[in-house]
Amino acid sequence: MSRVLILRLGTLVSLPISLRFLLVAPALLIFLAISAYAALNIGATATSLQDALSALFLPLDSLERPARAIAQFRMPRLGVAILAGAMMAASGYLLQVVSRNGLADPGILGLSDGAALTVMAAGFFFGLMPGGALSLLALGGALLTALVVLGLGRHLLAGGGIILIGLSINIVLGSLIEMILVSGSAMNFAQLMNWSRGTLAAVDATDLGLLGLWFALLFPLALLTSRLLQPMLLGDEPAQALGVRARLVYVFYVLLAAAFAAPVVAVCGPVAFVGLMSCYIARRLIGDRPTEVLITGMLAGGLILLWADTIGRSLFQPVIISAGVMVSVVGVLSFILAASLGRLQSPNWRD
Amino acid sequence: MPNAARIEFDRVAFGFGRLPILEGLSFTAEPGEFLAIVGPNGCGKSTTLKLMAGLLQPMSGAIRVGEQDIASLSRKALARQIALLTQQSFAPPNMSVYDLVAMGRFAHQNLLARRSREDEAQIAGALLAMQVQSLQQRRVGELSGGQLQRARMAMTLAQDSAVLLLDEPTTFLDLRYQYSILERAQEQARAGRTVVAVLHDFTQASLFADRVAVMHEGRMVQIGKPADVLTEDVIAEVFGVRTRAVLAHGAVFHVPESQAR
């Protein structure tokens, strides 16, 4: 097991950090930077290093093709992919901790479908809407679903009972979404269908700004409260005995998870599976040290969605495969691999 | 050394819905004392411990630690006064034993000071007391049942509370670890803590506890010195089993009458 360093600043700050995290997190960060650079240059339009650099550092107006294409399309798309992956991972991990179930994610608990349903219903009734309004609608849908799940599952909070409730809600929401899909007009249908699979094809700089804003709001909140996560791994009563207000913490984290997932769904559809996968990887890399797993999982989530999108839009050109589909393909493959290596016991925290 | 504090139950009643579990329960446990609670399944032993730890709220009556009503204490302040070793908990398999024990310090920490020198000293003391220092870098998932229970007990000790509550601490352990856990609990009482443990074994209760409380159907039937309380009549009344009691080696043994030779 990994050794731990204590980061100290006088008596005010003393944070334990595992050596393992100090190795893994920077490595992922470097890999993410390399991947981001690669993703900027991969695509239908051939580009050079020169183009990527000028796209990064020069104002948009002074750019010509193909540098302009990089700045206008690929950069926002890349940023959205990384942020969306990270936020889905955060959402997934918070849910996994409070439900003590390594298979929980915003998809299984119905949060992402709740968000998706409100967005689709709005699109169905009112047509096209600005991104900001959509993300608020999604947040409303996700929070409402979270409250319904919590409300119905309040007697089952201990243990994984909430997963069962979430799963049933998810099925109901899923069928409502299908109903909207099949009753939509032909033009609407293709658009909605594409979005409901999870895609980054249509994102722009506004979407990136929107996600960035949510991220800047939620990530510090998750980080500052993350010390509450560790005792929650033991279960409600043991956590309470240690001095944690477990019920309150439970509700807080489910709502925070909903808030993380909602803007992502609004921008690029329900890509919830990223949350499950990246946290599985992060837990294998770090162990049960929640703050560190949270950060590592978010890095992994960003990486996975970035590569899923990059491969999807470039591998089978001119056919573009949506990121959501790619994530599922990559995810299923990695799970089969993990299972065949006999390592699937660990997502389940029950002894 | 933790502050000393007595635990006092003052006519405490509790129930789930209309079903009463405890009725008018009154007793005290003093600093430096090891009090064992025994009784048949479903008599309210665990409920009594949970009430003491503030996991449940009494319907009427008051529970005091020191001179304070526990209902007036915040969850964190209560955890600094009273530590509870729960009957069971999830054991995160990929957590190190050190990290598990360190969680006992939760109520003493804040946002940015999660591992002070004081925390480290308390954790080291708890690891030492439960003889799990050599396991501290191991993963929880690799431990045997006995090792895990000692690690969980170390977590409870690291809480540095005046009162230590143990809910069936020896269940599922082999004989060696049963005695090891009870000896550690006794040491904590000798060091000035108030120790209350729910036990099932009369012999162990009589060996390690200073006083024994016998509960039956939500009431306290008897409380006193083990030899005075764990009598043939009390056992027959409470458990519905006729036994022959034997005093030997400072312990009380009960043998079912039908089997006694």
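Can you tell me which lysines have their Cα less than 29 Å from the Cα of B:Lys225? Leave out same-chain residues fewer than eight positions away.
Within reach: B:Lys45, B:Lys50.
Calculate the length of the line joining the C-alpha centroid of the range A:234-295 to that of the range B:166-203, in whole Å.
36
Within 10 Å of each residue's Cβ, count the other Cβ atoms and sort B:Ser89, A:Ser135 from fewest upward.
Numbers: B:Ser89 19, A:Ser135 23.
Ascending Cβ contact count within 10 Å gives the list B:Ser89, A:Ser135.
Just to check I understand the Karplus step: with θ = phi - 60° and J = 6.51 cos²θ - 1.76 cosθ + 1.60, what whole-Hz values come out for the range A:316-324, glycine and proline as x?
Calculated HN-Hα couplings, in order: 10, 3, x, 6, 10, 9, 6, 4, x Hz.
Return the long-range amide H neighbours of B:Val252 (sequence gap of 5 or more, or a different chain), with a cut-off of under 5 Å between placed amide H atoms.
Amide H neighbours of B:Val252: B:Ser206, B:Leu207.
Of all the stretches in chain B, which is the longest one without any exposed loop site, taking GluC sites (Glu not before Pro) in a DSSP loop (any state but H, G, I, E, B) with at most 16 other Cβ atoms within 10 Å?
B:68-216
Karplus couplings for the range B:76-89 from phi (6.51 cos²θ - 1.76 cosθ + 1.60, θ = phi - 60°), rounded to Hz, Gly and Pro as x?
Residue by residue, the range B:76-89 yields 6, 4, 5, 5, 6, 8, 10, 10, 10, 8, 6, 4, 8, 8 Hz.
List the aspartates and glutamates whose Cα sits under 18 Å from the Cα of B:Lys76, skipping any in the same chain fewer than 8 residues away.
Hits, sequence-local ones excluded: A:Asp236, A:Glu237, B:Glu67, B:Glu118, B:Asp119, B:Asp160.
Taking the alpha-carbon centroid of each part, what is the distance from the range A:86-152 to the range B:211-261 in angstrom?
Between the Cα centres of the range A:86-152 and the range B:211-261 lies a distance of 58 Å.
Enumerate the calculated ³J(HN,Hα) couplings along the range A:288-295 in order (Karplus 6.51 cos²θ - 1.76 cosθ + 1.60, θ = phi - 60°), each rounded to whole Hz, writing x wherever the residue is Gly or Pro.
Going residue by residue, I get 8, 10, x, 4, 6, 5, 4, 5 Hz, with x marking Gly and Pro.
Given the -39500 (n - 2.57) contribution per DSSP H run of 4+ residues, what per-residue ellipticity at 222 nm results for the protein assembly as shown, rounded to the nearest 500 deg cm²/dmol?
Using -39500 (n - 2.57) per qualifying helix, the result is -17000 deg cm²/dmol.
Hey, can you grab everything whose amide H is under 5 Å from the amide H of A:Ile17? Only 5+ residues off in sequence or another chain; H modelled, so Pro and N-termini drop out.
A:Leu5, A:Ile6, A:Leu7
What are the residues whose amide H is under 5 Å from the amide H of B:Gly192, where those residues sit 5 or more places off or on another chain and H is modelled from the backbone?
B:Gly32
FRET efficiency for B:Phe253 and A:Leu181, Cβ-Cβ distance as r, R0 = 56 Å, nearest 0.05?
Working: r = 73 Å, r/R0 = 1.31.
That gives a FRET efficiency of 0.15.
Any read-out appearing in this document is the output of simple, stated calculations on the displayed coordinates, not a laboratory observation. It should be emphasised that the depicted structure is a prediction, and the values quoted were computed from it without experimental measurement. We place every Cβ from the backbone using ideal geometry, glycine too, and count neighbours over all the protein chains shown.
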